[in-house]
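Heads up: the structure comes next, in structure tokens.
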Amino acid sequence: MKRFLWLFILVFATAAAKPAAADTRVIVRDTLGSVAMNIACSLLGCNVERGLGDPDGQLFLVTLPAVLDPVSSIAQLLLLGQLI
């Protein structure tokens, strides 16, 4: 019984010690504005957190979920921006 308890504690401590995956935040410029940025993010699975207050309304803070690869998501945003 004692051996089982130590094994349980060891497994629990190992599982609890793993860091949680964090979302990736990127700054994106979209010359078409917030509507186009929201549409692009809804297609790609990202989230527009907020506009960053530039005078032209083209800079946005975008959050990519941890399950998405940041490099491929940014490439998809660039490709989608060329298609629109």
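Tabulated values for the structure
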{"item": "Near pairs, Cβ below 7 angstrom, 6+ apart or cross-chain, from the range 26-47 (surrounded by fewer than 13 Cβ atoms within 10 Å (Cβ to Cβ)) to any residue that is outside any strand (DSSP E or B) and not hydrophobic (A, V, I, L, M, F, W, C)", "result": "R29/Q58; T31/Q58; G45/P65"}
{"item": "Hey, S73 more than 14 Å from R25 (Cα to Cα), part of a helix (DSSP H, G or I) and within 13 Å of the chain's Cα centre (by Cα) or not", "result": "no"}
{"item": "Boolean, G53 is in a loop (DSSP other than H, G, I, E, B), surrounded by fewer than 16 Cβ atoms within 10 Å (Cβ to Cβ) and in contact (Cβ under 8 Å) with a residue 24 or more places away in the chain", "result": "no"}
{"item": "Any hit, the range 57-64, residues being at pLDDT 85 or above, in contact with a helix residue (DSSP H, G or I) (Cβ under 6 Å, 6 or more places away or on another chain) and surrounded by 12 or more Cβ atoms within 10 Å (Cβ to Cβ)", "result": "yes"}
{"item": "Condition met for V48 (under 18 Å from A22 (Cα atoms), of a type in the set (A, V, I, L, M, F, W, C), under 14 Å from the mean Cα position of the chain (by Cα) and modelled with pLDDT under 85)", "result": "no"}
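So that you can scan it fast, the table gives a plain yes or no per residue for (1) at pLDDT 85 or above; (2) part of a helix (DSSP H, G or I); (3) over 30 Å from L77 (Cβ atoms):
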{"position": "R3", "(1), (2), (3)": "no, yes, yes"}
{"position": "W6", "(1), (2), (3)": "no, yes, yes"}
{"position": "L10", "(1), (2), (3)": "no, yes, yes"}
{"position": "A13", "(1), (2), (3)": "no, yes, yes"}
{"position": "A16", "(1), (2), (3)": "no, yes, yes"}
{"position": "P19", "(1), (2), (3)": "no, no, no"}
{"position": "V26", "(1), (2), (3)": "yes, no, no"}
{"position": "I39", "(1), (2), (3)": "yes, yes, no"}
{"position": "L43", "(1), (2), (3)": "yes, yes, no"}
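The values are calculated or read from the model by the stated rules, or taken from the named source; none is laboratory data. Not measured: the values here are computed from a predicted model. A quick note on method: Cβ atoms are made from the backbone with ideal geometry, for glycine too, and the neighbour counts reach across all protein chains shown.
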